[in-house]
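The values are calculated or read from the model by the stated rules, or taken from the named source; none is laboratory data. No experiment lies behind these values; they were computed from the predicted model shown. Neighbour counts run over all protein chains shown; Cβ positions are idealised from the backbone, glycine included.
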Amino acid sequence: MSTAPVAADTFVARDLGARGSRAAVANSDPAAALPPTALAVLAAIPAWWEARARAAGLTGRWLDVYSAIDAAAPDQLGDTTSPLDLQSCSAAELGAAYVAALTPEVRARHGRHYTPPELADHLWAMTRKSLGHLRPARPLAGLVRDPACGAAALLLPPLREHVRALVRADARVVLAGLPNVVEGVDGDPAAVWIANVVLASEALPVLASVPPARRRPLPALARAGDGLRPTATPARAVLMNPPYGRVRLSPEDRDRFARVLYGHANLYSLFLGAGLEGLDRHGVLGALIPTSFTAGRYFSSLRAEMTRVAPLRDATFVALRDGVFAGVLQETCLAVFTKRKPRRTTIASINGRVSDVASVRSPRGGGPWLLPRRADDAHIAAAAVTMPLTLARAGWRVSTGPLVWNRRRVDLHARPGSTRVPVLWASDLDGGRLHRHRARDALRYLHIRDEADRVVMTLTGPAILVQRTTAPEQRRRVVVIEFTQTELAMWGGAVVVENHVNVLRPRDDTTTPMLSRRTLAAVLATRTLDQLARCLSGSVALSAYELESLRLPGRDVLRRWETLTGTELERAVAAAYRPSSE
């Protein structure tokens, strides 16, 4: 188990102050709030430990988990007995059992989610490769830290490799050195206890090889605390699956994390920033994170800081997310950042198995990063990064529809009226064809309160409309229509656009855009631009910021596009997004 992404809107922002992680914020006494099911898992640990200790050939006090590990168990356990038989569980499954025993509200609010072993193994393999350890036969040559360790799912793979690599070394030296190579931190003391148990269980065969008279309790490798606090000991590798969601920061914390913040503070940005701070000069950061960091405006400073300190070396996109992270509608990726700055970034995907996608020029700067999710998109991303224009530089601005319907529910009506303007919903754009979706007829008209409301809420001129949010199963990510003057007149001369639609209009009234409205709408409707948008955003949402950042070729190419329509335009756009070396 490790603290994994949860949907941002499930977290009620609180003042982070000096307390750090979401778990630390919410858990002044987390154990007291544990449900009986979670307490039953904790109470089953002694039997789980005894079975493993016996299997390793240990007897006596070493069968007692409380005596065998130099770590404090949660106080609230007392004499609790467990109805559960978890003795056949693996170390990773024990952590998963604890997470499953928590209520959904606790899991979502405090970021306690299970990291599947295959993802933990793959993230460590990526990280190890970046450290220069091409085969899992070398002991760790530096500290590996997880600042949001949960039940230590991400620390198990490196610790196992380290112990196996030292099978012929002096057992007492190996055990004494473990705190120098693995460290976990988490705000949940119960999870920390499980982390210490499962990590110590990996060392049981080593302990058994020590003469009984010279054995000492196994060291604690995880501690309860704030994973965002600065650390005195730099780490060679930081592994994390951090919580995310908006938080309010104290002035001191906002100043500390200023280099990774733009606007709202997101927890996983803070963890990534703190992780970068905690690396040594050859360090590597491996993270299981949502892909919003690659393109969203709020992560522009984070991208710039990563470019400066530790650029992206490897990214593996998790294509199948069902059953992994509940409530996450955007992609998740395994990302590795390295102090030894790479020239190229390796992209892969996990879709049941790992497959290579491409090797691309390492993304740089604070602007959106173009990273292909599929092999047949790689050439588009490679060509786009060299293009001189964006949609914004070509003279177009993008805004989000102003109507947030649930804030104006009392003003929405089914019938027209003298003060009512028709509402254009995202579902009215389905299939790239403008129509009035019947499911929205009960909320079809908005009452305009006054002239100021009319200025803010109504669209009275032609524009290009693009769905801001699409369903995961939709074939296209860019669903676009040209909203002409004729169509505007058919809707009564003015419409209110809801906030799941992006509105594209010329940047100003004095300069003609490099692409006309007709041509731009047709270009956005091409398969190539849809593929480009998928390289830019891993979410079902395509923000105004991301749309404005879409890369376009130079002015001469755009002029040629103006003379084309239909399949000729489709072919010309596809040809423009081929690397010049092809």
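Specify which of the listed residues (Leu424, Leu429, Leu389) is within 30 Å of Phe317 (Cα to Cα) and either in contact with a Cys (Cβ under 9 Å, 6 or more places away or on another chain) or surrounded by 19 or more Cβ atoms within 10 Å (Cβ to Cβ) (or both).
The unique qualifying residue is Leu429.
Taking the stretch 261-305 as the region of interest, how many residues are assigned to a helix (DSSP H, G or I) and among the charged types (D, E, K, R)?
The total comes to 4.
Taking strands (runs of 3 or more DSSP E) that do not extend beyond the stretch 371-458, which have at least 3 residues that are free of Cβ contacts under 8 Å to residues at least 60 places away in the same chain and closer than 18 Å to Val495 by Cβ?
Ranges flagged: 445-447.
So, of the residues in the stretch 470-521 that are of a type in the set (Ser, Thr, Tyr) and in a helix (DSSP H, G or I), which turns out to be nearest to Arg551 (Cα to Cα)?
The extreme case among them is Thr519.
For Pro83, only one of the following conditions fails: (1) part of a helix (DSSP H, G or I); (2) touching a residue at least 40 places away in the same chain (Cβ under 8 Å); (3) more than 20 Å from the chain's Cα centre (by Cα). What is its number?
(1)
Here are some residues: Arg468, Arg476. Which one is surrounded by fewer than 20 Cβ atoms within 10 Å (Cβ to Cβ) and either assigned by TED's automatic domain parsing to the domain that holds Arg407 or in contact (Cβ under 8 Å) with a residue 40 or more places away in the chain (or both)?
So the residue among Arg468, Arg476 that is surrounded by fewer than 20 Cβ atoms within 10 Å (Cβ to Cβ) and either assigned by TED's automatic domain parsing to the domain that holds Arg407 or in contact (Cβ under 8 Å) with a residue 40 or more places away in the chain (or both) is Arg476.
Exactly one of these conditions fails for Ala358: (1) within 20 Å of the chain's Cα centre (by Cα); (2) assigned to a strand (DSSP E or B). Give me its number.
Just one mismatch for Ala358, condition (1).
Which residues, taken from the stretch 406-421, are hydrophobic (A, V, I, L, M, F, W, C), under 14 Å from Ile448 (Cα atoms) and surrounded by fewer than 18 Cβ atoms within 10 Å (Cβ to Cβ)?
Within the stretch 406-421, just Val410 meets the criteria.
Looking at the structure I just gave you, is Arg534 surrounded by fewer than 24 Cβ atoms within 10 Å (Cβ to Cβ), in a helix (DSSP H, G or I) and modelled with pLDDT under 95?
yes
Can you give me the ranges of the helices (runs of 4 or more DSSP H) entirely in the stretch 139-209 with at least 2 residues that are of a type in the set (S, T, N, Q) and surrounded by 22 or more Cβ atoms within 10 Å (Cβ to Cβ)?
Filter on the stretch 139-209 gives 189-201.
The rows are residues; the columns are (1) surrounded by 15 or more Cβ atoms within 10 Å (Cβ to Cβ); (2) touching a helix residue (DSSP H, G or I) at 6+ places or on another chain (Cβ under 9 Å); (3) not charged (D, E, K, R); (4) not assigned by TED's automatic domain parsing to the domain that holds Glu562.
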residue: Thr458; (1), (2), (3), (4): yes, no, yes, no
residue: Leu504; (1), (2), (3), (4): yes, yes, yes, no
residue: Thr510; (1), (2), (3), (4): no, no, yes, no
residue: Arg517; (1), (2), (3), (4): yes, no, no, no
residue: Thr528; (1), (2), (3), (4): yes, yes, yes, no
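Restricting to the stretch 289-309, name every residue that is surrounded by fewer than 24 Cβ atoms within 10 Å (Cβ to Cβ) and basic (Lys, Arg).
Arg297, Arg308
Taking only the stretch 542-567 into account, find how many residues are in contact (Cβ under 8 Å) with a residue 60 or more places away in the chain and either small (Gly, Ala, Ser) or within 28 Å of Phe299 (Cβ to Cβ) (or both).
Counting residues in the stretch 542-567 that are in contact (Cβ under 8 Å) with a residue 60 or more places away in the chain and either small (Gly, Ala, Ser) or within 28 Å of Phe299 (Cβ to Cβ) (or both) gives 13.
Could you go through the stretch 340-355 and let me know if any residue there is touching a residue at least 40 places away in the same chain (Cβ under 8 Å) and either in the same structural domain as Ala522 (by TED's automatic domain parsing) or under 30 Å from Pro513 (Cα atoms) (or both).
No: zero hits.
Would a scan of the stretch 376-386 turn up a residue that is more than 33 Å from the chain's Cα centre (by Cα), not aliphatic (A, V, I, L, M) and not assigned by TED's automatic domain parsing to the domain that holds Thr291?
no
What about Arg254, is it among the basic types (Lys, Arg), out of contact with any Asp or Glu (no Cβ under 8 Å at 6 or more places or on another chain) and more than 25 Å from Leu154 (Cβ to Cβ)?
Taking the combined requirement at face value, the residue satisfies it.
Per-residue answers, yes or no, for (1) more than 19 Å from Val284 (Cα to Cα); (2) over 29 Å from the mean Cα position of the chain (by Cα):
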position: Ala141; (1), (2): no, no
position: Cys149; (1), (2): no, no
position: Pro158; (1), (2): no, no
position: Arg164; (1), (2): yes, yes
position: Ala176; (1), (2): yes, yes
position: Glu183; (1), (2): no, no
position: Asp186; (1), (2): yes, no
position: Pro189; (1), (2): yes, no
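Go through the stretch 42-66 and report how many residues are in a loop (DSSP other than H, G, I, E, B), touching a residue at least 40 places away in the same chain (Cβ under 8 Å) and either touching an Asp or Glu at 6+ places or on another chain (Cβ under 8 Å) or polar (S, T, N, Q) (or both).
Of the residues in the stretch 42-66, 1 are in a loop (DSSP other than H, G, I, E, B), touching a residue at least 40 places away in the same chain (Cβ under 8 Å) and either touching an Asp or Glu at 6+ places or on another chain (Cβ under 8 Å) or polar (S, T, N, Q) (or both).
Looking at the structure I just gave you, is Leu302 closer than 29 Å to Val106 by Cβ, of a type outside the set (Gly, Ala, Ser), in the same structural domain as Gly132 (by TED's automatic domain parsing) and modelled with pLDDT of 95 or more?
So Leu302 fits the description; yes.
Look through the stretch 537-546, keep the residues that are part of a helix (DSSP H, G or I) and not small (Gly, Ala, Ser), and return whichever of them is surrounded by the fewest Cβ atoms within 10 Å (Cβ to Cβ).
Only one residue fits best here, namely Tyr545.
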